[in-house]
Amino acid sequence: ARLLALHGPNLNLLGVREPEVYGRQTLADIDAQLQAQAEAAGHSLECEQFNAEHLLLERIHRAREDGTRLILINPGAFTHTSIALRDALAGVAIPFIEIHMSNVHAREPFRRHSYLTDIAIGLICGFGADSYRLGLEAAIRRLADTH
Ligand code: DQA
């Protein structure tokens, strides 16, 4: 099936951005690993990163037309601010998994609230780049169950 991995603001800085929180792998490293993982399971995965909220929304809208079956999304700080992102994901009604590299519950209090979690299939946070790998594994299992 066709899967989409969406990265929100500042995730283009992975590798240099607060490496003690987010690790040393670049986004390109992570995307390459995810694509290999998806292909090994017989799926195709498109990976995109946007710093602008409206570009994330427009990519989500397009997912409705391009046959995307499931979205993995790390919304970055928009997690904690964006009702529009929530509405876009609810609007296209494509199942999604929320991903965070850091443990958002062990950081500043403002990171504890997400506008997305209650409408997500599930949430994976706190495992660094492995959060993506585990999220994709969960997605692949789910697609195998639902065909
Ligand atoms: C993040 C957590 C967010 O709170 C933060 O704003 C990010 C990254 C994570 O992957 O841990 O940009 O989504």
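The values are calculated or read from the model by the stated rules, or taken from the named source; none is laboratory data. Quantities reported herein were computed from a predicted structural model and do not represent experimental measurements. Positions of Cβ are generated from backbone atoms using ideal geometry, with glycine treated the same way; all protein chains shown enter the neighbour counts.
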(message) Among (1) part of a helix (DSSP H, G or I); (2) acidic (D, E); (3) more than 13 Å from the ligand (Cβ to nearest atom), there is one condition D130 misses while meeting the rest; what is its number?
(response) (3)
(request) Under 9 Å between Cβ atoms, at least 6 apart or on separate chains: pull out the pairs that start in region 111-134 with a residue that is within 15 Å of S82 (Cα to Cα) and modelled with pLDDT of 95 or more and end on any residue that is charged (D, E, K, R) and assigned to a strand (DSSP E or B). (result) S114/E98; L116/E98; T117/E98; A120/E98
(request) Look at region 8-17 and say how many of its residues are within 9 Å of the ligand (Cβ to nearest atom) and of a type outside the set (A, V, I, L, M, F, W, C). (result) 4
(request) Residue by residue through region 55-87, note down the ones that are polar (S, T, N, Q) and buried (at least 17 other Cβ atoms within 10 Å of the Cβ). (result) T68, N74, T79, S82
(request) Hey, can you tell me all the residues within region 14-35 that are at negative phi and in contact (Cβ under 8 Å) with a residue 12 or more places away in the chain? (result) L14, V21, Y22, Q25, T26, L27, D29, I30, D31, Q33, L34, Q35
(request) Output the number of residues of region 99-113 satisfying the condition of being closer than 16 Å to N74 by Cβ and within 9 Å of the ligand (Cβ to nearest atom). (result) 8
(request) Taking only region 35-54 into account, find how many residues are of a type in the set (A, V, I, L, M) and surrounded by fewer than 16 Cβ atoms within 10 Å (Cβ to Cβ). (result) 3
(request) Find the residue count for region 94-110, including only residues that are free of Cβ contacts under 8 Å to residues at least 40 places away in the same chain and small (G, A, S). (result) 1
(request) Go through (1) farther than 18 Å from Y132 by Cβ; (2) more than 13 Å from the ligand (Cβ to nearest atom) and name the single condition T26 misses. (result) (1)
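Which of the residues that make up region 3-29 are among the hydroxyl-bearing types (S, T, Y) and surrounded by fewer than 18 Cβ atoms within 10 Å (Cβ to Cβ)?
Taking region 3-29 first, the residues among the hydroxyl-bearing types (S, T, Y) are 22, 26.
Selection gives T26 alone.
With A32, A90 as the choices, which residue is away from the ligand (no atom under 12 Å from the Cβ), surrounded by fewer than 17 Cβ atoms within 10 Å (Cβ to Cβ) and closer than 17 Å to G128 by Cβ? If you could, list the steps in order and put the result at the bottom.
Working: A90 fails: closer than 17 Å to G128 by Cβ.
Step by step, each of A32, A90 is checked, and only A32 is away from the ligand (no atom under 12 Å from the Cβ), surrounded by fewer than 17 Cβ atoms within 10 Å (Cβ to Cβ) and closer than 17 Å to G128 by Cβ.
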